[in-house]
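Everything below concerns the one structure shown next.
The values are calculated or read from the model by the stated rules, or taken from the named source; none is laboratory data. Predicted model, so just to flag it, every value in this text is computed and none were measured. Glycine also receives a Cβ, built like all others from the backbone with ideal geometry; neighbour counts cover every protein chain displayed. Side chains included, ligands, DNA and RNA excluded: accessible areas come from the protein's heavy atoms. Shrake-Rupley method; radii C 1.70, N 1.55, O 1.52, S 1.80 Å.
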Amino acid sequence: QKEVEQDPGPLSVPEGAIVSLNCTYSNSAFQYFMWYRQYSRKGPELLMYTYSSGNKEDGRFTAQVDKSSKYISLFIRDSQPSDSATYLCAMIRTGGFKTIFGAGTRLFVKA
Amino acid sequence: GAGVSQTPSNKVTEKGKYVELRCDPISGHTALYWYRQSLGQGPEFLIYFQGTGAADDSGLPNDRFFAVRPEGSVSTLKIQRTERGDSAVYLCASSLGTEETQYFGPGTRLLVL
């Protein structure tokens, strides 16, 4: 079993839809939770960074962490065609630096 | 300012050959990471440098893989006796320090024929 599980999709939505992406994990030592966006043939780009449980909002993006359920989510409001990319969840345990990534979910936003 | 750069952007080699992949981190970043990303997968950790020393090389798959960062800036990932299974995108990232935001380069696409 992988430490971080993420549905690879693809997920296709119409422009303006609310998108929900999520990951589950098995290691309770994870304390830092990130979401990266990766466009084709580019490196990942950090979108959201959350420490421990709770919510964090940045513009159209909201990240949620539920440590009791070992479940994290990324919500994208008013999705745009430019949001079409692969979204990777990632985690680091306390005192660590090794980032563990999910497999990524491919998102397509149709105009 | 300039981001993380990686060269070459693409590398095609034959099975059994030796390859070197270069990473230029953001100036002033002391932490440097190498990852490998296979098609349809997320990046997989290979090695982490803090300054000149490899703080954690537990992700290197076997002794054919080696990385150096002699002056605490540029890093080179070296792969000996390449195998077809080594084909992947090799990503480099740098950060100001541990637990800081990692900035990724565009990657080197390695194809072993």
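Worth pointing out:
- Unmet requirement for B:S95, which otherwise passes all of (1) polar (S, T, N, Q); (2) within 11 Å of chain A (Cβ to nearest Cβ); (3) under 25 Å from A:S40 (Cβ atoms); (4) open to solvent by 10 Å² or more (accessible area, probe 1.4 Å): (4)
- Taking every residue in the range B:41-56 that is within 7 Å of chain A (Cβ to nearest Cβ) and pairing it with any residue that is among the charged types (D, E, K, R), at least 6 positions away or on another chain, the pairs with Cβ-Cβ distances below 9 Å are B:P43/B:R36; B:F45/A:K98; B:F45/B:R36; B:F45/B:D56; B:Y48/A:K98; B:Y48/B:D56; B:Y48/B:D57; B:D56/A:K98.
- Condition met for A:P10 (touching a Phe, Trp or Tyr at 6+ places or on another chain (Cβ under 7 Å), farther than 25 Å from B:T98 by Cα and either open to solvent by 60 Å² or more (accessible area, probe 1.4 Å) or within 14 Å of chain B (Cβ to nearest Cβ) (or both)): yes
- Scope the range A:83-109; condition among the polar types (S, T, N, Q) and out of contact with any Pro (no Cβ under 7 Å at 6 or more places or on another chain); matching residues: A:S84, A:T86, A:T94, A:T99
- A:S79 closer than 30 Å to B:S58 by Cα, part of a loop (DSSP other than H, G, I, E, B) and either of a type in the set (S, T, N, Q) or away from every other protein chain (no Cβ under 14 Å) (or both): no
- Test: B:L21 is surrounded by fewer than 19 Cβ atoms within 10 Å (Cβ to Cβ), in a strand (DSSP E or B), in contact with a strand residue (DSSP E or B) (Cβ under 8 Å, 6 or more places away or on another chain) and away from chain A (no Cβ under 11 Å): no
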